[in-house]
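One structure is given below, encoded as structure tokens.
The values are calculated or read from the model by the stated rules, or taken from the named source; none is laboratory data. Here the structure is a predicted model, which means the values were calculated and not measured. A quick note on method: Cβ atoms are made from the backbone with ideal geometry, for glycine too, and the neighbour counts reach across all protein chains shown. When the accessible area is computed, the model is the full protein with side chains, heavy atoms only, and any ligands, DNA or RNA have been set aside. Shrake-Rupley method; radii C 1.70, N 1.55, O 1.52, S 1.80 Å.
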Protein chains: 2
Amino acid sequence: MSQPDPKRVKTDDDAPYELIYWPVIPGRGEFVRLVFEEAGVPYSDVAQNIEKGMNTVKSLTSTDNIGDEHNPPALAPPALKHGDLLISQTPNILLYVAPRVGLAPKEGNGVYHLNEIVLTILDGLVNELHDTHHPIAISLYYEDQKEESKKKSQYFIKERLPKYFKYMQRVLDAKTSGEGPWLYGDSLTYADLVLFQAVDGTKFAFPKSTEALKKSGEYDGVFRLYDAVKERPNISKYLQSDRRRKYSEGIWRYYPELEEE
Amino acid sequence: MSQPDPKRVKTDDDAPYELIYWPVIPGRGEFVRLVFEEAGVPYSDVAQNIEKGMNTVKSLTSTDNIGDEHNPPALAPPALKHGDLLISQTPNILLYVAPRVGLAPKEGNGVYHLNEIVLTILDGLVNELHDTHHPIAISLYYEDQKEESKKKSQYFIKERLPKYFKYMQRVLDAKTSGEGPWLYGDSLTYADLVLFQAVDGTKFAFPKSTEALKKSGEYDGVFRLYDAVKERPNISKYLQSDRRRKYSEGIWRYYPELEEE
């Protein structure tokens, strides 16, 4: 076949990593931050400057944006700049970064197994949790779709949360999860960081339901892995730093009424 | 770093490709089928036998499934078996297959650019369209969430459909889209097949709205690409064969009331 990209972009692996994401909230940018923090690899984070962050994201998501000489346009943040390369979509950024910073194999079937686990957690648990407070339209306020949110949350808590926790537990019970608390193989990979963030956000948004899952004793591996990530020296330092944003708006929001019987 | 997967699975590139997906509906399996059909690469499709197909998918999605010696368990179909390897998640299967059958570069930045475009179309246009008829819970019938479906569809038609069509048009307007009608580079890639199927399903589910987008003249590149894929000799033969399922249930459903003013 002919190469679809005749002008293949050169990236310089020594180039700085630049994360582009909304300021203030943790959001999907958090999955990318955790990878750099665990690996101890320097990265710049435009969200640290609120005004510059807002402007950068707005210009990224403008409908006038048709990319540049090397890159197609992104639809939404997070995006990552690395040399001439600019890529978006959370699982895609992780797929690119993780093997370069030692948190995923560079080749072989592990690439696809890890991508599969990450896509399942992000597309499932994370996106569906977001939709519990925005089931009708993301352009409407939560207050204008509160009734539908309550209805969706009841099914989310009863059916979807256990489904995804069971899935994560099954991956941990699989033979491909080796020694230690990790999802895949014998050492920590970026999939473990994704699980950590997904569970951490779920704890914030649905604290009672997450506590009930923990108490059931059916997902001990999931909560053990969550704790193991939280105790990693670099992650622990990061979580105590002001680089870690507090939950507020965005994907993970706490509306106590969504958990009431 | 240590390899996260010490027992790296050997795949045999001569091994047969085996698609596992629900029988009867086109669904997400269709994105995988189109890649094999365009490439002219043989694959088996368990969905062609309704009973065997149902049983295979049920055993894949069973909560007792904890994978096998080489693979973690899948949450949902489609899945692909290739030698000892079993992988799931549509964009992940495409990422694995497309470079092996000549529909994507094997390395370089094109890998990530194509994955980004595909994730944006699948996570955005395809998943959101599904949710128009299941905004509250996938365990409920459409009839039991009809009112909410109508509400969500109004926003989908007014805001989300144009957003995604504009995004696809912007990718076509980018410098990374070269000669010809294709999204990326100078020749057809698997991203073009994903766009084709996403637009085809949208035409079925929201025919009036898609026609209005076409008539607006703002997305001519998108519809030109749609036609160009449809006219590819292998795709054209496939679409006329009984291997191509008719739309019915699944993601793309036609409920005329969802398009009414």
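Tabulated results
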quantity: Residue in region A:117-136 that is of a type in the set (A, V, I, L, M), more than 18 Å from the chain's Cα centre (by Cα) and at pLDDT 95 or above present; calculated: yes
quantity: Unmet criterion (only one of (1) in contact (Cβ under 8 Å) with a residue 12 or more places away in the chain; (2) at the interface with chain B (Cβ under 9 Å from one of its Cβ atoms); (3) within 21 Å of B:Lys163 (Cα to Cα)) for A:Asn115; calculated: (3)
quantity: Scope region A:74-89; condition at the interface with chain B (Cβ under 7 Å from one of its Cβ atoms) and either of a type in the set (A, V, I, L, M, F, W, C) or surrounded by fewer than 22 Cβ atoms within 10 Å (Cβ to Cβ) (or both); matching residues; calculated: A:Leu75, A:Leu85, A:Ile87
quantity: Some residue of region A:145-152 being among the charged types (D, E, K, R), open to solvent by 20 Å² or more (accessible area, probe 1.4 Å), over 27 Å from B:Leu129 (Cα atoms) and modelled with pLDDT of 95 or more; calculated: no
quantity: Filtered residues of region B:224-261 (kept if farther than 30 Å from B:Lys151 by Cα, in a loop (DSSP other than H, G, I, E, B) and open to solvent by less than 60 Å² (accessible area, probe 1.4 Å)); calculated: B:Ser241, B:Arg244
quantity: Region A:39-60 residues that are of a type in the set (D, E, K, R), paired with ones that are in a helix (DSSP H, G or I) and surrounded by 18 or more Cβ atoms within 10 Å (Cβ to Cβ) (beta carbon under 8 Å, 6 or more apart); calculated: A:Asp45/A:Gly29; A:Asp45/A:Arg33; A:Lys52/A:Val46
quantity: Selection from region A:122-163 of residues that are more than 7 Å from chain B (Cβ to nearest Cβ), in contact with a Ser or Thr (Cβ under 8 Å, 6 or more places away or on another chain) and under 19 Å from B:Thr63 (Cα atoms); calculated: A:Leu125, A:Phe156, A:Ile157, A:Leu161
quantity: Selection within region A:60-72 - within 9 Å of chain B (Cβ to nearest Cβ) and surrounded by 12 or more Cβ atoms within 10 Å (Cβ to Cβ); calculated: A:Thr63, A:Asn65, A:Ile66, A:Gly67, A:Asp68, A:His70, A:Asn71, A:Pro72
quantity: Hits in region A:172-211 (condition: facing chain B (nearest Cβ under 8 Å) and in a helix (DSSP H, G or I)); calculated: A:Asp173
quantity: Residue match in region B:165-180 (condition: more than 29 Å from A:His70 (Cα to Cα), open to solvent by 10 Å² or more (accessible area, probe 1.4 Å) and not assigned by the TED database to the domain that holds B:Gly27); calculated: no
quantity: Scope region B:38-52; condition surrounded by fewer than 22 Cβ atoms within 10 Å (Cβ to Cβ) and closer than 27 Å to B:Pro99 by Cα; matching residues; calculated: B:Ala39, B:Gly40, B:Val41, B:Pro42, B:Tyr43, B:Ser44, B:Asp45, B:Gln48
quantity: Boolean, B:Leu258 is under 17 Å from B:Gln154 (Cα atoms), touching a helix residue (DSSP H, G or I) at 6+ places or on another chain (Cβ under 6 Å), in contact (Cβ under 8 Å) with a residue 40 or more places away in the chain and assigned by the TED database to the domain that holds B:Tyr142; calculated: no
quantity: Residue list for region B:90-112, restricted to those being open to solvent by 30 Å² or more (accessible area, probe 1.4 Å) and touching a residue at least 40 places away in the same chain (Cβ under 8 Å); calculated: B:Arg100
quantity: Where a residue in region B:170-192 is on the phi > 0 side of the Ramachandran plot and its partner, wherever it lies, is assigned to a loop (DSSP other than H, G, I, E, B) and buried (at least 18 other Cβ atoms within 10 Å of the Cβ), with Cβ under 6 Å and at least six apart; calculated: B:Gly185/A:Pro4; B:Gly185/A:Asp5
quantity: Test: residue in region A:214-223 that is facing chain B (nearest Cβ under 9 Å) and either part of a helix (DSSP H, G or I) or at pLDDT below 95 (or both); calculated: no
quantity: Odd one out for A:Val57 among (1) closer than 19 Å to A:Pro16 by Cβ; (2) more than 17 Å from the chain's Cα centre (by Cα); (3) open to solvent by less than 10 Å² (accessible area, probe 1.4 Å); (4) at the interface with another protein chain (Cβ under 7 Å from one of its Cβ atoms); calculated: (4)
quantity: Hits in region B:117-143 (condition: of a type in the set (Gly, Ala, Ser) and open to solvent by 40 Å² or more (accessible area, probe 1.4 Å)); calculated: B:Ser139
quantity: All positions within region A:189-213 that are open to solvent by less than 10 Å² (accessible area, probe 1.4 Å) and over 18 Å from A:Val126 (Cα atoms); calculated: A:Thr189
